[in-house]
Amino acid sequence: MTEKKKRTEKEARPLKSGKAPLKFRKKDVVVAIVHYNTPELTCACIGSLLKNGGIYKCVKDMKVVVFDNSDQRPMECPPTGVIRLDNTKGQIIDFDKELEKFPDRCPEIGCAKGCEYGSAKHMMTVQKLWELIPNGFILMESDILIKKPIDHMVRHEYSFVGYYQKAQPYNPFNIGRILPMLCWMNVPLLTKYGAKYFDPERTYGLLPGGNDNRKNWYDTGAVMLEDILSKRPNLKGLHEDIRPLVEHFGAASWKNNDLDAQLAWIERNKDLIV
């Protein structure tokens, strides 16, 4: 294999250790996707971003980071230029060790079919991404397709731009959150005023007391919202109805949905994908 070919293959599938912050230009718009056993959906998501996201002028300008938490179906060959952070064996976050810190955790809240404490793991992952992408990024879930430009969401005067869900359905304590589906997060501003994405004292199913403990009902995006509201006026966010911007294949980013159903959904929406 020639040196040029080796270099081309390396550039096609860059993989980082996740031990140190990733290096981007200050002006770069970075998109981060947390991947869990859905490589087809994640690739389709990225393809729709390239076609409709309004961010990239050409392939070399791609700034997409995939944090791979898969335990069954990793994203082994991401699209050209995409940075993959491989956590499939706990190289960056050892979830087994993290869960051991919560011996009285509540599976009735934290577990769903095919996903053990997935919300808590997702929050830990996004908190880690704050360290790895300290200039801020757009968080996306893998089970959406972008239909319209999203680069307008990057607004540095706000701590976040995204969908403010005042009360999550089925949450007995009516705890709100910022939907993780599509959200710009101004990490420098959030960290400056002490906001968090994951807080071991406010999480989803990890604490003692089960369903009766309010602190067990902070789903993904709830801690950040509560911190933003408590830090006003230093932190302010901008609510945006993201529904016109995306096509959503519900819950596939955290459940092991049927692969045939995923592929059929991708086929139905292939016009959105590059």
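What about residue 254, is it surrounded by 15 or more Cβ atoms within 10 Å (Cβ to Cβ), more than 18 Å from the chain's Cα centre (by Cα) and at pLDDT below 95?
The answer is no for residue 254.
Could you tell me which of the residues 136, 221, 205 is over 23 Å from residue 94 (Cα atoms) and touching a residue at least 24 places away in the same chain (Cβ under 8 Å)?
Of 136, 221, 205, the one residue that is over 23 Å from residue 94 (Cα atoms) and touching a residue at least 24 places away in the same chain (Cβ under 8 Å) is 136.
Those residues that are more than 19 Å from residue 167 (Cβ to Cβ) and in contact with a Phe, Trp or Tyr (Cβ under 7 Å, 6 or more places away or on another chain), I need them from the range 208-237; list them, please.
231, 234, 235, 236
So which residues in the range 226-245 are of a type in the set (Asp, Glu) and either more than 21 Å from the chain's Cα centre (by Cα) or under 18 Å from residue 190 (Cα atoms) (or both), if there are any at all?
226, 227
The values are calculated or read from the model by the stated rules, or taken from the named source; none is laboratory data. As the structure is a prediction and not an experimental result, all values here were calculated from the model. For neighbour counting, all protein chains shown are included, and Cβ atoms are generated from backbone atoms with ideal geometry for every residue, glycine included.
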